[in-house]
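Here the structure is laid out as structure tokens; the discussion comes afterwards.
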Amino acid sequence: MKQVLFIIALFNSLFSFAGSNFDEGIDAFQDSNYVLAIEKFQASLAETPNDVASYYNLGLAHQESKQLGKAIWAFEKVLKLSPSDTDAKEHIEMCYIKLNENTVWEPRLNRFKSILYGYSGMTWSVLAIIFSFALAISIILFVRARDLSYKRLFMAITFVFICSLISSIMIAYGASSYAEQTRFAVVTQDSIPTYKDESKISEVTLKEGDQVEILNLDKNENDFIEVSSQSGDTYLVKRTDVDFI
């Protein structure tokens, strides 16, 4: 198993532009120095935020260190940036099985959206530009066509390009919004308390790996945020007790 993880880590490093910290993290991971590997991958992310390979290998290092909550967080960050990453999904499932065999984890995006959002908003924006040029050309050809059959053909092509343009714009917006939003967080500690209000602790505790939906991420950065658990209950938790995805 460990050999497979090493191969994946090395493969990802070939396509990473994160620099020397990333390479040193790979070397540390190969030497089973997971503490140093975590440090280097975190430094790599400080240099190149949103680097998928750095998040992925950070997750591997946390997983090998038995820091399963932090591993889940790192792999969830991978899925936020690259929703179709099947390896990250498999590792999240493995982490939850180790934490609790009865836990069933499901990705937030369905298979169709995962494929669409697997391409960045920038990619879809470029496609939208291409479709807009193609649409302009098809309209010109339609106007200049003399034969009725050609007019019908170019009308059909124009309709296809209109649909493609609208779809690519909508997907570009959706993919960008999904990658930039902060709606969920994960517990990376053994357990954290929840609060009924800012001065009274409730009886409920959240365990490592529990994920919550953020209901009000106050821009003023108050100490407490309101969250909804997977069971649908709402609590206050300390901002510093959860890691935002």
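The values are calculated or read from the model by the stated rules, or taken from the named source; none is laboratory data. Nothing here was measured: the structure is a model prediction, and the numbers come from that model. Don't worry about glycine lacking a Cβ; one is built from the backbone with ideal geometry, like all the others, and counts go over all protein chains shown.
General observations
- In the set (1) under 27 Å from HIS62 (Cα atoms); (2) touching a residue at least 24 places away in the same chain (Cβ under 8 Å); (3) out of contact with any helix residue (DSSP H, G or I) (no Cβ under 6 Å at 6 or more places or on another chain), GLN181 fails one condition alone, (2).
- Against the numbered list (1) surrounded by fewer than 16 Cβ atoms within 10 Å (Cβ to Cβ); (2) touching a residue at least 40 places away in the same chain (Cβ under 8 Å); (3) under 25 Å from ALA74 (Cα atoms), VAL104 comes up short only at (2).
- Segment 116-138 residues that are free of Cβ contacts under 8 Å to residues at least 60 places away in the same chain, paired with ones that are buried (at least 18 other Cβ atoms within 10 Å of the Cβ) and part of a loop (DSSP other than H, G, I, E, B) (beta carbon under 6 Å, 6 or more apart): GLY118/PRO83
- Filtered residues of segment 139-168 (kept if small (Gly, Ala, Ser) and surrounded by fewer than 13 Cβ atoms within 10 Å (Cβ to Cβ)): SER149, ALA156
- Test: residue in segment 46-57 that is assigned by TED's automatic domain parsing to the domain that holds GLN30, free of Cβ contacts under 8 Å to residues at least 24 places away in the same chain and over 18 Å from ALA28 (Cβ atoms): yes
- Among residues of segment 216-245 being at pLDDT 85 or above and within 19 Å of the chain's Cα centre (by Cα), the one that is surrounded by the most Cβ atoms within 10 Å (Cβ to Cβ) is VAL242.
- Residue in segment 67-78 that is of a type in the set (Phe, Trp, Tyr), touching a Phe, Trp or Tyr at 6+ places or on another chain (Cβ under 8 Å) and modelled with pLDDT of 95 or more present: yes
- Flag if ILE139 is among the β-branched types (Val, Ile, Thr) and touching a helix residue (DSSP H, G or I) at 6+ places or on another chain (Cβ under 9 Å): yes
- Verdict on ILE97 being of a type outside the set (S, T, N, Q), at pLDDT below 95 and assigned to a helix (DSSP H, G or I): yes
- Taken together, the residues in segment 32-81 that are in a helix (DSSP H, G or I), of a type in the set (Gly, Ala, Ser) and more than 15 Å from the chain's Cα centre (by Cα) amount to 6.
- ALA9 satisfies every condition listed in (1) closer than 21 Å to GLU90 by Cβ; (2) modelled with pLDDT of 95 or more except (2).
- Filtered residues of segment 145-171 (kept if assigned to a helix (DSSP H, G or I) and in contact with a Phe, Trp or Tyr (Cβ under 7 Å, 6 or more places away or on another chain)): LYS151, PHE154, MET155, THR158, PHE161, SER164, LEU165, SER168, ILE171
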